[in-house]
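Asker: Here you go, one structure.
The values are calculated or read from the model by the stated rules, or taken from the named source; none is laboratory data. Remember, predicted model here, so these are calculated numbers, not experimental data. All Cβ positions, even for glycine, are placed from backbone atoms using ideal geometry, and neighbour counts span all protein chains on display.
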Amino acid sequence: MKLSREEVLHIARLARLGLSEEEVTRLSEQLSNTLENFEVLQQVDTEGIPPTAQSIALQNVVSNDSVAPSLPPDDVLANAPHKEGDLFRIHAVLEEQP
């Protein structure tokens, strides 16, 4: 399906896009190509095939929890810009900074 210049401009207007003449020409060709691909897909016989949301089965990939020793507080806080004892010191999110 070949899109006309006016159709491309109409689509651009709906999308609130300002296009140059060069872009209109390029997009006319690209959008027409995309529509032609969909026309080919519409010819595929899908009778008897149930609708699906995924083409392959989903599988959740998780690892088992394992206990490991923590880093010492001095190593964790070594590069902290501000610290207070064994804690990170940060500015309150909703308060003004001093």
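Asker: Taking interchain pairs and intrachain pairs at least six residues apart, which have beta carbon atoms under 8 angstrom, with the first residue in the stretch 23-37 and farther than 12 Å from residue 2 by Cα and the second among the hydrophobic types (A, V, I, L, M, F, W, C)?
Answerer: Going by the 8 Å Cβ cut-off, the qualifying pairs are 24/8; 24/9; 24/12.
Asker: Give the stretch 6-16 a look and list any residue that's surrounded by 12 or more Cβ atoms within 10 Å (Cβ to Cβ) and either more than 25 Å from the chain's Cα centre (by Cα) or outside any helix (DSSP H, G or I) (or both), or say none. I'd like the intermediate steps shown before the answer.
Answerer: Filtering the stretch 6-16 down to residues surrounded by 12 or more Cβ atoms within 10 Å (Cβ to Cβ) leaves 7-12.
Passing the criteria: 7, 8, 9, 10.
Asker: Please verify whether residue 34 is under 24 Å from the mean Cα position of the chain (by Cα), modelled with pLDDT of 90 or more and assigned to a helix (DSSP H, G or I), treating the condition exactly as stated. Working first, answer last.
Answerer: Working: under 24 Å from the mean Cα position of the chain (by Cα): yes; modelled with pLDDT of 90 or more: yes; assigned to a helix (DSSP H, G or I): yes.
Judged against the criteria, residue 34 is a match.
Asker: I want to confirm something. Restricting to the stretch 17-28 and keeping residues that are assigned to a helix (DSSP H, G or I) and surrounded by 12 or more Cβ atoms within 10 Å (Cβ to Cβ), which single residue is nearest to the chain's Cα centre (by Cα)? Break it down stepwise before answering.
Answerer: Going through the stretch 17-28, the residues assigned to a helix (DSSP H, G or I) turn out to be 21-28.
Next, from what is left, pick out any that are surrounded by 12 or more Cβ atoms within 10 Å (Cβ to Cβ): 23-28.
Numbers: 23: 24, 24: 26, 25: 28, 26: 25, 27: 22, 28: 25 Å.
Within the stretch 17-28, the match that is nearest to the chain's Cα centre (by Cα) is 27.
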